[in-house]
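*Asks:* Please read through the structure below; I'll follow up with questions.
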Amino acid sequence: MATIVSYTARPRRITQAGLLILAVLTGVTAYALVGLGRYEELPADLMQYAIGAGILALLLQIAVMWRAPYADPVILPLVMLLNMLGIATIETVHAANEVYGLRSSASADRQMLWAVVGAALCIGVLVLLKDHRWLRRYTWIFAVTGAILLLLPLVPGLGNARNGSRIWISIAGNSFQPAELAKIAFAIFFAGYLVSRRDTLALAGPKVLGITLPRWSDFGPILVAWGFAMAVLVFQTDLGTSLMFFGLFVAMLYVATDRLSWLVIGAVMFLPPAIVAATQMSHVRTRLTCWLDPLSSENYSACGQISAGLFGLADGGLVGSGLGAGRPDVVPHADSDFIFASWAEETGMIGAFALLLLYLLLVQRAIRAAVGISDGFGTLLAGGLGFVIALQVFVVVGGVTRVIPLTGLTLPFLAAGGSSLVCNWIIAGILVRLSDAARRPAARQVAGAVPGSGSGAGTGGGTLRRPATRTEGAPA
């Protein structure tokens, strides 16, 4: 059997190795072009950067070959490439701020350090998490953990407010955004909760205006999720985070029940609080005003960030000014909230679309893992994590391009910030584990009960489309 596994898995690992090499070469080239464009010389630390990236890629390759030989060969190269392009963009912002001296920004060296930590945690997930179904044993522990993390910024003396939102905590002089870790905990909790209750949630209820509503007795879970989202919106004045958590639950609820009415109900429930926030909270109202008319003379002082970002996007044109040749220093938070504008200015529309295509491929791979996996918990978890990435990209890029009002979310793997980067690397590790479970030959076999959950824990753990004919599989 070991010979068969090695033989059938080898093509995927060869493909992954080739793609990792291509990702490293592309990222190192982008970093070199930033130095040439800004200082007309190669960066002094280019060799160390290339060696470090190569070692990380090698360790990731070994970890996958050892622990997840059937995993999707595209996920980690995509993550590696996005991370390295983000470091190059952060370096061009930092270099521009040094040259023109307008404001300070994060350095690429610090982002490299966080990338090492994130990749190490990704490898840790692959090594320690041998079977994703073990996460289901701790469904309610993840629920409590996520709630605590989400409410930590409200603790006096621990949380602090930035740019109108109270979503950060400070520990020993270092800042951390606990909502980034909470989204992973809630995704696991939602998957475990919904997979065991999807049958009752899918039962038909009364019809209102042609929409089949759920039974009133089954409406409790969405009310609790709605209450948490509103608590974040009211007490932390963060529309983006509340939208992310409530949207995650509604999307996973739709996947679990296959009922479009849940999406309609979720949109209807979230719209009134969003309107109240836009009219009553000055921070949210300012962002709405800047979304509607950022270039008017009355709003220009308050909307200077989004206005500068729009001019940066326009200045990029079709092919961009070139890496290291733009002026991202003009835009506040050009290395974090507006890093997409910095990237688009220097790479143009072609580079912006290429970046969005990379995210599209990553989300598609997550959905592909969700479709191919044999147990309902894994399907919901992979789909939920893929949706989180897609929602963050849409909200951030939509805010920068004025498709929707600006929020405080960050672009996954690209934006400066340790908490976001590290947590997204953890998501990548979980997706690799899920894709391995979806692609290995044993995943197509009908198996027994959930490990460690008792004789009845397998109920509702099978394939979502036909819950009565399959149950949760035993660990490999």
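*Asks:* Under 5 Å between amide hydrogens, which residues at least 5 positions from Ser336 or on another chain qualify, with H placed 1.01 Å from N in the peptide plane?
*Replies:* Hits under the 5 Å cutoff: Ala416.
*Asks:* How much accessible area does Cys303 have with a 1.4 Å probe, in Å² rounded to the nearest 10?
*Replies:* Its heavy atoms expose roughly 0 Å² to the probe.
*Asks:* While we're here: Roughly speaking, what is the centre-to-centre gap between the range 285-349 and the range 405-445 when only Cα atoms are used, to the nearest Å?
*Replies:* Answer, in whole Å: 28.
*Asks:* If you don't mind, there's one more thing I want to ask. From the backbone phi of the range 267-272, what are the Karplus-calculated ³J(HN,Hα) couplings (6.51 cos²θ - 1.76 cosθ + 1.60, θ = phi - 60°) in whole Hz, Gly and Pro given as x?
*Replies:* 5, 5, 6, 7, 5, x
*Asks:* So, one more: For the range 287-369, what % of the accessible area comes from carbon and sulfur atoms, probe 1.4 Å? Each step should come with its number before you reach the end.
*Replies:* Details: 2470 of 3660 Å².
Here it works out to 67 percent.
*Asks:* Here's a follow-up. Please say if the range 378-417 is rounded, prolate or oblate, where rounded means a/c under 1.5 for a ≥ b ≥ c the square roots of the C-alpha gyration tensor eigenvalues, and otherwise the choice is prolate for a/b larger than b/c and oblate otherwise?
*Replies:* Taking the square roots of the gyration eigenvalues as a ≥ b ≥ c, the range 378-417 is oblate.
*Asks:* Check Ser175: other-chain or 5+ apart residues with amide H under 5 Å from its amide H, H built from backbone geometry?
*Replies:* none
*Asks:* I would also like to ask the following. Need one value: the accessible area of Met80 in square angstrom, 1.4 angstrom probe, rounded to the nearest 10.
*Replies:* Met80 has an accessible surface of roughly 10 Å² with all protein chains in place.
*Asks:* Could you put Trp343, Trp425, Trp226 in order of accessible surface area, largest first, with the 1.4 Å probe and the full protein assembly present?
*Replies:* So, going from the largest accessible area down, we get Trp226, Trp343, Trp425.
*Asks:* Heavy atoms only, probe 1.4 angstrom, no DNA, RNA or ligands counted: give me Lys130, Lys183 ranked by accessible area, highest first. Before the final figure, lay out the partial values.
*Replies:* On the way: Lys130 135, Lys183 5 Å².
The ranking, largest first, comes out as Lys130, Lys183.
*Asks:* Give me, ordered by chain and number, the residues 5 or more places off Ile373 or on other chains with an amide H under 5 Å from its own placed amide H.
*Replies:* none
*Asks:* Which whole number in µm²/s is D for the range 1-153 by Stokes-Einstein, with the Kirkwood Rh taken over Cα pairs at 25 °C and 0.890 mPa s? Walk me through the numbers on the way to the answer.
*Replies:* On the way: Rh = 17.8 Å.
Rounded to a whole number, D works out at 138 µm²/s.
*Asks:* Let me ask something else about it. Through the Karplus equation 6.51 cos²θ - 1.76 cosθ + 1.60, θ set to phi - 60°, convert the phi angles of the range 326-338 into ³J(HN,Hα) values in whole Hz; use x for Gly and Pro.
*Replies:* x, 10, x, 5, 6, 8, x, 6, 5, 9, 10, 4, 10
*Asks:* Placing +1 at every Lys and Arg Cβ and -1 at every Asp and Glu Cβ, with all other atoms neutral, what dipole size does the range 280-418 have around its Cα centre, in debye to the nearest 20? It would help to have the intermediate numbers written out before the result.
*Replies:* Values: 6 positive and 9 negative charges, 70 e Å.
Using only the charged Cβ atoms, the result is roughly 340 debye.
*Asks:* Rounded, prolate or oblate: pick one for the range 300-347, where a ≥ b ≥ c are the square roots of the eigenvalues of its C-alpha gyration tensor, a/c under 1.5 means rounded, and failing that, prolate if a/b is larger than b/c, else oblate.
*Replies:* On the way: a/c = 2.31, a/b = 1.66, b/c = 1.39.
Because a/c hits 1.5 or more and a/b exceeds b/c, the range 300-347 counts as prolate.
*Asks:* Per residue, how much space in cubic angstrom lies within the convex hull of the C-alpha atoms of the range 92-141?
*Replies:* Details: hull volume 5.5 nm³, N = 50.
Normalising the Cα hull of the range 92-141 by residue number yields 110 Å³.
*Asks:* A follow-up question, please. Which ³J(HN,Hα) values, rounded to whole Hz and listed in residue order, are derived for the range 342-349 from phi using the Karplus coefficients 6.51, -1.76 and 1.60 in 6.51 cos²θ - 1.76 cosθ + 1.60 with θ = phi - 60°, glycine and proline given as x?
*Replies:* 5, 5, 5, 5, 8, 10, x, 4
*Asks:* Cα gyration tensor of the range 282-427, axes a ≥ b ≥ c as square roots of the eigenvalues: rounded (a/c below 1.5), prolate (a/b > b/c) or oblate?
*Replies:* Numbers: a/c = 2.41, a/b = 1.67, b/c = 1.45.
Prolate, because a/c is 1.5 or more and a/b exceeds b/c.
*Asks:* May I ask you to rank Ser175, Ser242 by accessible area, largest first, using a 1.4 Å probe over the protein chains only?
*Replies:* Numbers: Ser175 50, Ser242 0 Å².
Greatest to least solvent exposure: Ser175, Ser242.
*Asks:* Please state, as a whole number in µm²/s, the translational diffusion coefficient that the Stokes-Einstein equation yields for the range 280-364 at 25 °C and 0.890 mPa s, with Rh defined as the Kirkwood radius across alpha carbon pairs. Before the final figure, lay out the partial values.
*Replies:* On the way: Rh = 13.7 Å.
Approximately 179 µm²/s, per Stokes-Einstein.
The values are calculated or read from the model by the stated rules, or taken from the named source; none is laboratory data. What you see is a predicted model; the values in this text were computed from it and never measured. With ideal geometry, Cβ positions are generated from the backbone for all residues, glycine too; neighbour counts draw on all protein chains shown. What goes into the accessible areas is simple: the full protein's heavy atoms, side chains included, and nothing from ligands, DNA or RNA. Shrake-Rupley method; radii C 1.70, N 1.55, O 1.52, S 1.80 Å.
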